[in-house]
Amino acid sequence: MKDFTVVFAAIIAISCSAQSPVKSLYDDTMETPEAYYKDLNNDLDNFVGTWKYTSGDTSLTIVLQKKEMQHVDYVYIIVYRDYIIGEYKYIEQGIEKINTLPNINVNYNNDPYKYNITGSIIQKPTAGNPDYCKNCGPNDVKLISFFKDPERSILGYEPEMIFHYFVEGGIEKLRLNFRAIGGESGGFDGTQNFYSEYNIPFGVYILEKQN
């Protein structure tokens, strides 16, 4: 009887999961409600780990994790999707400017956008369009992610982190391009932004994998 119960529960679980079609994460049209947009090629796995940039007594440490089958409500549609989430610590000339790393251990119950780095848009060379991933080698992968600074908000900026995974001299590395889309702007009432930059300066960083 116990074995029958286990088998029956497994059949129910499979039946329920089959109701949501599995699509490739590359299919970003998201036109199918409740579909699971899955990282079928495990490209996101390349970014998982602890990464560090160091220049003298200035350093940037980023921890990235993979969250699978996150239930996300985009208002116009609800889907499941695989994500990379992350947190960071930035030290400038020996002084810690910001440290959100403890937030990596918080479980936000299927809300990947509660983390300060969130990404699931993948770019890599394709046979039909090799320029889709500019400056990429045949095995390189890029990840486009959203960025937040919990201490600073700048109206008009849409900050993003583009991570370019590659291997150099047998060492796994990330080339991080931290930039903002759009320009700084004030509020509708004429107020100006208090900050003109985030705790982490915009720029390009080469991070090496620590573990």
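Coordinate-derived values only; no laboratory data. Predicted, not measured: the structure shown is a model, and the values here were computed from it. Here the Cβ is made from the backbone with ideal geometry for all residues, glycine too, and neighbour counts use every protein chain on show.
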Assigned charges on the beta-carbon of Lys, Arg, Asp, Glu; the range 42-134 dipole about Cα centre (debye) = 40
Select from Asn107, Ile117, Leu143 the residue farthest towards the positive end of the dipole of the range 92-211; place +1 on Cβ of Lys and Arg, -1 on Cβ of Asp and Glu, and compute about the Cα centre.
-> Leu143
In whole angstrom, how long is each semi-axis of the equivalent ellipsoid of the range 84-211, when you take the square root of 5 times every eigenvalue of its Cα gyration tensor and sort them from largest down?
-> 28, 19, 16
Nearest 20 debye, what's the magnitude of the dipole of the range 86-172 about its Cα centre given +1 on Lys and Arg Cβ and -1 on Asp and Glu Cβ?
-> 120
Please check which bits of the range 107-139 a label hung off Asn177 would reach, taking the label as a point 7 Å along Cα-to-C-beta and the cut-off as backbone N under 18 Å.
-> 118-126, 129-139
Cα centroid separation, the range 36-58 to the range 79-147 (Å) | 7
With a ≥ b ≥ c the root eigenvalues of the C-alpha gyration tensor of the range 18-156, is it rounded (a/c under 1.5), prolate (a/b larger than b/c) or oblate?
-> oblate
Relative contact order of the range 55-211 (C-alpha contacts under 8 Å, at least 6 apart) in percent is 15
At 0.36 nm per residue, minus the direct Cα-Cα distance, what do Glu151 and Thr126 gain on full extension? Give it in nm, one decimal, please.
-> 5.1 nm
Under 16 Å by backbone N from the virtual spin label 7 Å along Cα-to-Cβ at Gln93, the residues of the range 46-67 are 55-59
For all pairs of alpha-carbon atoms in the range 66-120, what percent lies in each bin of width 10 Å, listed from the first bin to the last filled one?
-> 22, 45, 21, 10, 2
May I ask you to list the lysines whose Cα is less than 17 Å away from that of Lys67, ignoring any residue fewer than eight positions away on the same chain?
-> Lys23, Lys38, Lys114
